[in-house]
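Here is the structure we will look at.
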Amino acid sequence: MHESWKPILQHEFQQDYFRALSQFLTAAYNAKTIYPPKQQVFSAFTTDLNDVKVVIIGQDPYHGPGQANGLAFSVHSGIRIPPSLQNIFKEIHDDVGSPIPNTGDLTRWAKQGVLLLNNTLTVEAHHAGSHRGQGWEIFTEHIIRYLNDQRPHLVFILWGRDARSKKTMIDKSKHCIIESAHPSPLSAHNGFFGSRPFSRCNQQLRDWGLTEIKW
């Protein structure tokens, strides 16, 4: 993780809920296949806290072999692009005209100040949602509240029910919320396609005098 995150994350690590979560994760990693690998669980926090200007909240990591890399919606280069990310790239193309990339590694976004934060940071192989209710949601909520309180002018992009439930934690008088259906094939046609989150985000950043994201 980046040095800028260490004070807040160390505070969370010392809380009772996180100690219980850590015990659960130790047992899970020892007994089962868990994604992402341990060393990548906190990869979202390699983005300098002081550079964060966009927050995209996912649900939980991809649960297929070799997919999850600790950044919400992202996969390693060389891994087949999952359907949700394919839909994200299609919307980017339709929205801002960027060509559809041949890699699903979103590190390039993270380096521009996009925090790619899943609601739950780990998952058991082939069992979506398997680590819900273990404490990650508390952790994520605390991170969002911290960003809301301590950072000016953030764009929060909320896709799907889990992410949209976080909007009550965000002060709309100083931040921007862009929300829609999830990009999953099950819901993308119910409001994600055509929602133009990427151009809307960049317009808001420009209005604040900030550099837009090269999606």
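The values are calculated or read from the model by the stated rules, or taken from the named source; none is laboratory data. Computed from a predicted structure; not experimentally measured. Positions of Cβ are generated from backbone atoms using ideal geometry, with glycine treated the same way; all protein chains shown enter the neighbour counts. Just so you know, the surface numbers come from the protein's heavy atoms only, side chains and all, with ligands and any DNA or RNA stripped out. Shrake-Rupley method; radii C 1.70, N 1.55, O 1.52, S 1.80 Å.
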> Toward the positive end of the charge dipole of the chain, about the Cα centre and with charges on Cβ (Lys, Arg +1; Asp, Glu -1), which of G97, F24, H182 goes farthest?
Replying inline: G97
>> At a threshold of 8 angstrom on Cα-Cα distance, excluding pairs fewer than six apart, so keeping six or more, what relative contact order does region 44-143 reach in percent?
In response: 38 percent
> Taking H as built 1.01 Å from N, whose amide H comes closer than 5 Å to the amide H of L158, not counting residues under 5 places away?
Replying inline: I178, E179, S180
> Check V123: other-chain or 5+ apart residues with amide H under 5 Å from its amide H, H built from backbone geometry?
Replying inline: Y35
> Ignoring ligands, DNA and RNA, what percent of the 1.4 Å accessible area of the chain is carbon and sulfur?
Replying inline: 48 percent
>> Apply the Karplus curve 6.51 cos²θ - 1.76 cosθ + 1.60, θ = phi - 60°, to the phi angles in region 37-46 and return the couplings in whole Hz, x for Gly and Pro.
In response: x, 3, 6, 10, 4, 9, 4, 4, 8, 7
> Which cross-chain or sequence-distant (5 or more) residues have an amide H under 5 Å from the amide H of L115, H modelled 1.01 Å from N in plane?
Replying inline: K53, V54, V55, I56
> What figure in square angstrom, to the nearest 10, would you give for the accessible area of W136 with a 1.4 Å probe?
Replying inline: 0 Å²
> L186 label point, 7 Å along Cα→Cβ, cut-off 18 Å on backbone N: hits in region 129-166?
Replying inline: 129-133, 159-165
> Which one of Q203, V75, T168 is farthest out on the positive end of the charge dipole of region 57-215, using unit charges on Cβ (Lys, Arg +1; Asp, Glu -1) and the Cα centre as origin?
Replying inline: Q203
> What list of ³J(HN,Hα) values in whole Hz, one per residue of region 114-121 in order, does the Karplus curve 6.51 cos²θ - 1.76 cosθ + 1.60 (θ = phi - 60°) give from phi, with Gly and Pro shown as x?
Replying inline: 9, 8, 9, 10, 7, 5, 10, 8
> Between rounded, prolate and oblate, where does region 99-149 land on the alpha carbon gyration tensor, with a ≥ b ≥ c its root eigenvalues, rounded for a/c under 1.5, else prolate if a/b exceeds b/c?
Replying inline: oblate
>> From Cα pairs below 8 angstrom and at least 6 apart in sequence, can you work out the relative contact order of region 52-94, rounded to a whole percent?
In response: 24 percent
>> Taking the Cα centre as origin and putting +1 on Lys and Arg beta-carbons and -1 on Asp and Glu beta-carbons, what dipole magnitude results for the chain, to the nearest 20 debye?
In response: 140 debye
> Which entry in [x] 13.5; [y] 11.2; [z] 14.7 is this structure's computed mean projected area of the Cα convex hull in nm²?
Replying inline: [y]
> Taking the Cβ-Cβ separation of V96 and D51 as r and a Förster radius of 35 Å, what is the calculated FRET efficiency to the nearest 0.05?
Replying inline: 0.95
> Applying the Karplus parametrisation 6.51 cos²θ - 1.76 cosθ + 1.60 with θ = phi - 60° to the phi angles of region 69-75, what ³J(HN,Hα) value in whole Hz is obtained for each residue in order, glycine and proline being reported as x?
Replying inline: 10, x, 10, 4, 6, 8, 10
> Which value at 222 nm does the chain reach when only helices count, each DSSP H run of 4 or more adding -39,500 (n - 2.57), with the total divided by all residues and rounded to the nearest 500 deg cm²/dmol?
Replying inline: -10000 deg cm²/dmol
>> Suppose all protein chains stay in the model; what accessible area per residue would a 1.4 Å probe give for the chain, in Å²?
In response: 47 Å²
> So how far apart, in nm, are the two label points at E12 and R145 if each is 7 Å from Cα heading toward Cβ?
Replying inline: 1.2 nm
